[in-house]
Amino acid sequence: MSGWWEKDEPNGSKAVSLLLRLSALILALASAVMMATADDCTIAGATPTAVTYRDYGAFVYLVGANVAAAVLEAAAVYLQLSGAGDDDDDGGSPLPGIILVVVDVLAQALLYSSTGAAYGAVVGVDVCVAVGAQVGRARLLSLGASVSLGLAAVVKDVSLPFNVWPGSSD
């Protein structure tokens, strides 16, 4: 199996795109973990009530969407490393390149919609300072994953005139 690192032309855009995809994967997972662990608050009152991320539909959606986007990005990293989406006319199947585009669109839709929902659902979280701070960090991480994935999709189609991986010594 040949990959993008075995070609002699400049591949800077592919390497930058790969790094952005990996950062989106890591940020999405970190956001999901951060939100899923936001449950250390009890509101005192007539009946003490524990506040968790499960109490807000938008936060549950953020966790699920970020995990799904991370899985999709892991598939996208695999597809990119296997050479999907290359502009070579070597007679290979265009299906992996099409799958890569579909995976990119699905992951972006999940990340942007869940991040927007989480930013819209701030009612009641400010009562618990610890949960509110953790929710804020999870939203920022999700926003970072969204932006990173958007940039990865743009950068993969832009030609950057440098090599990151050493060329062959032949």
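When all protein chains stay in place, what accessible area (Å², nearest 10, 1.4 Å probe) is found for Val154?
Val154 exposes around 90 Å² with every protein chain in place.
With a 1.4 Å probe and every protein chain left in place, work out the accessible area per residue of region 100-159 in Å², rounded to a whole number.
46 Å²
Pop the C-beta distance of Leu106 and Ala130 into the FRET formula with R0 = 41 Å and round what comes out to the nearest 0.05.
On the way: r = 33 Å, r/R0 = 0.81.
Given R0 = 41 Å and the Cβ-Cβ separation, E is 0.80.
Obtain the nm distance between the two label points defined at Arg54 and Ser82 by a simple spin-label model: each point lies 7 Å from its Cα along the Cα-to-C-beta direction.
3.7 nm
Run the simple label-point estimate for Ile98 and Ala75 please: 7 Å along Cα→C-beta, distance reported in nm.
If labels sit at Ile98 and Ala75, their model points lie 1.5 nm apart.
Return the distance in nm (one decimal) between the two label points of a simple spin-label model at Tyr119 and Val33, each offset 7 Å from Cα along Cα→Cβ.
Between Tyr119 and Val33, the label points sit 2.5 nm apart.
The values are calculated or read from the model by the stated rules, or taken from the named source; none is laboratory data. As the structure is a computational prediction, the values presented were derived from the model and not from experiment. Positions of Cβ are backbone-derived with ideal geometry, glycine not excepted, and every protein chain shown enters the neighbour counts. These area figures cover heavy atoms from the full protein model, side chains too; ligands, DNA and RNA do not enter into them. Shrake-Rupley method; radii C 1.70, N 1.55, O 1.52, S 1.80 Å.
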